[in-house]
Every structure is written in structure tokens, then in C-alpha cells.
Amino acid sequence: MEWDVKRLAASLEVAARGNGFGGKDRREIVTAAVTSYRQAMRDFAKMTNLEVWYAHQDLDQLKAQFDAQMKARQRKMVDKGMAKARTRDSMQEVAKLTRPVDGRPRIIADPPLIVPITDLLPRQMDQETFAAQIQDLLGKYRRTLETDRRFLLEQYEYADMARKVVGVGSVGTRCWIVLMLGRDDSDPLFLQVKEAEASVLSRFVGASKYTNMGQRVVAGQRLMQASSDIFLGWQRTEAGLDGKQRDFYVRQLRDWKYSIDIEALIPNGMRIYGQACGWALARAHARSGDRIAIAAYLGGSDVFDKAITQFAAAYADQNERDHKSLVDAVAPGRLTAEPDL
């Protein structure tokens, strides 16, 4: 719990510094987010289990608060971003990641970021053998879905697959994208299959009750998220291309995800955003943990708020020192870095 709050607070402090906000504004932003978390947790502690489960934020009200804190140009950017999020689906990914081959869409090679499975298969394995293995894996994954989602997935068939490089937070783990087709080529579904490993917390709190780490991730997301991806599930490969057993979780590659453009926010706007994040994090913890014990631990004063705010500032200071060390190493050529284009 405490680590999640620290990560939220540190992220807001770093973002506020990136926007050039002064020290007073930064402290107010971070403190407001932590206070929102603490007060929300105290509210959740008073609720029944069902009330906690159905608790949600009013998006229209939240948007109205943001609109009041942004200039006309910034409001236009947010509206444009939300409209764009509604187009972030498999059809968009098909247009970007595939090309027709023999009348059927196939994933485009873009090494090292994207490498089609046909370029990775052992020479002795034919396409039919591999396709049969994929169908078996998809069948196992399908059984982890709810009945209605399983029925929907059964209306799609495997078309292609590729290895995909993942973001910074998942560096070193395996990730695949799987193209599925429904009634025809205009009815695609792109799935993302990401490797799941043991939690970094396991050495502190003990091993997970789940033997499949993909199931562990899915169980956590379903429990903590207000609305999980409808195709969220898991699978295990007993012997992948490297011959080793690995666990994975599966979800859509795109599903209308959207995030506020932090760089477009003024201090008051970021404060409102931080408060919304604090409330959402408290809701996740209230659903997955002992909300009464957490609320009692946080207390009714602002001691916790101030402590986390101080941690966030210290973290951001270290972040800046680390960046300076990187820049100092790049300048004389001790490290090679490419500019962020």
C-alpha cells in the first residue's frame, strides 16, 4: 500500500518539476493527492462491502473541474485526446502493423521492435505444426475467460503472431502480439501476450497463492481495476521457443485507454488530477486489502500526507542527480545515447 502511494506522489513531483512549477505549487499538488487518498480510505472504511465495490468517480464532474482549470486551447487538446482514445482499437493497429499477403493481413516486420513468428521458428518446424500449437495455447487461454467473453473470442481465428519489444517497465520480459480475425479482414482483434514473473514484493511478503504468475497478475487487475479489459486472461507455455516454461497474461493491444496530457496542465489542473488518482488508488486498495486497518494506520491527521510529500521531493532530487550523471557520462562518450525524437 505505502509503496503505491509513494510511487504516485513521486510521479506527481517529477511531473510538476517537468512543467516548471515552483516549490509551493509542487508541495500542494503532491499533498493534495496523498490527502485525497487518506480521506477516501477513511470514507471507504465506513462503507459496506457492496458500496465499496460499486464506488466510482463521476467523469462528467471530473471533466468539468479540469475544464475550469484549463485554457480554451488546453480544453481542446483534452477533448481531442479523449476522441482519439475512442479510436485506439484493433482496427487502428491493423492499419499500422499489418500489410496484405496473399489477400490476408500479416504483421509487418520492424526489427528489432517487431519480429514476425515466421522469422523466429526453428527450421525443422512447419507452419501447420506451429499453428496447431497456437490453437492449443489459445484454447487454454480461452478457458480463463468468463463464459460470455469466451463465446466472443471463439468467433475469431488465429491469423498471425509476432514478438514485440515492450516498454521500460517490462524490459527483459517476453511480449507477443497475436492477430485474430472475425467474420472477415475488417473484423480484427489484436491481443497482447505479456510475460508474467513473480512479484517483486514476494521476497518481502511471501510467495503468491497462485502458481501461475499470469493468473496472479490477472487476479490483481480484476480485483483492483474499476473496469478490466474484457479479454483479460492468462496462459502457460510448457516449452516455448527457448524450451522453458513461462507464464503470460493476455489482454487487448488497444482498448480505448486514455491519459490526461500532464504537460498541458497548470498547477490547479494537476492538483485535481492528483486528487482523482489518489481517490482511485484508495478504491483499489479498499477492494483488495483491509480498508479499516489501512484507514486506522493513516489516521485523521496530516502526518502521513507530509511524510509522503517529503519522500516525493527527496525522490525527485535523486532523479535529477541520476539524470545529471547520465548526461555527464554521455558528453565525453563514456555512454552512447540517441536523442528522443
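The values are calculated or read from the model by the stated rules, or taken from the named source; none is laboratory data. Keep in mind that this is a model prediction, so the values were computed, not measured. Every residue, glycine as well, gets a Cβ built from its backbone with ideal geometry; the counts of neighbours run over all protein chains shown.
Structure data summary
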{"read-out": "Single condition PHE304 does not satisfy, out of (1) exposed (fewer than 14 other Cβ atoms within 10 Å of the Cβ); (2) in a helix (DSSP H, G or I)", "value": "(1)"}
{"read-out": "Filter result for the condition that a residue is at pLDDT below 95, outside any strand (DSSP E or B) and surrounded by 19 or more Cβ atoms within 10 Å (Cβ to Cβ), over VAL5, VAL94", "value": "VAL94"}
{"read-out": "Number of positions in the range 250-301 that are over 16 Å from VAL5 (Cα atoms), among the polar types (S, T, N, Q) and in a helix (DSSP H, G or I)", "value": "1"}
{"read-out": "Residue, farthest from ASP187 (Cα to Cα), within the range 104-156, restricted to residues that are aromatic (Phe, Trp, Tyr) and within 27 Å of the chain's Cα centre (by Cα)", "value": "TYR141"}
{"read-out": "Number of the condition not met by GLU195 [criteria: (1) under 29 Å from ALA45 (Cβ atoms); (2) among the acidic types (Asp, Glu); (3) touching a strand residue (DSSP E or B) at 6+ places or on another chain (Cβ under 7 Å)]", "value": "(1)"}
{"read-out": "Unmet criterion (only one of (1) within 22 Å of the chain's Cα centre (by Cα); (2) surrounded by fewer than 21 Cβ atoms within 10 Å (Cβ to Cβ); (3) among the hydroxyl-bearing types (Ser, Thr, Tyr)) for TYR297", "value": "(1)"}
{"read-out": "Options ALA198, ALA207, ALA239, ALA226; residue that is farther than 21 Å from ARG150 by Cβ, at pLDDT 90 or above and either in contact with a Gly (Cβ under 6 Å, 6 or more places away or on another chain) or outside the structural domain of GLY18 (by TED's automatic domain parsing) (or both)", "value": "ALA198"}
{"read-out": "Sole exception among (1) farther than 22 Å from PHE130 by Cβ; (2) of a type outside the set (Asp, Glu); (3) buried (at least 16 other Cβ atoms within 10 Å of the Cβ) for THR211, by number", "value": "(3)"}
{"read-out": "Criterion: assigned by TED's automatic domain parsing to the domain that holds MET41, of a type outside the set (Asp, Glu), loosely packed, with under 13 Cβ neighbours inside 10 Å and farther than 30 Å from MET213 by Cα - qualifying residue of GLN275, GLN318", "value": "GLN318"}
{"read-out": "Qualifying positions in the range 111-125 - of a type outside the set (Ser, Thr, Tyr), at pLDDT below 90 and outside any loop (DSSP other than H, G, I, E, B)", "value": "ILE117, ASP119"}
{"read-out": "One residue from PRO122, PRO112 being in the same structural domain as GLY240 (by TED's automatic domain parsing), in contact (Cβ under 8 Å) with a residue 60 or more places away in the chain and loosely packed, with under 10 Cβ neighbours inside 10 Å", "value": "PRO122"}
{"read-out": "Subset of the range 178-205 that is closer than 20 Å to ASP110 by Cα and within 16 Å of the chain's Cα centre (by Cα) - its residue that is surrounded by the most Cβ atoms within 10 Å (Cβ to Cβ)", "value": "VAL193"}
{"read-out": "Residue count for the range 300-315, restricted to those that are farther than 20 Å from LEU12 by Cβ and touching a residue at least 12 places away in the same chain (Cβ under 8 Å)", "value": "1"}
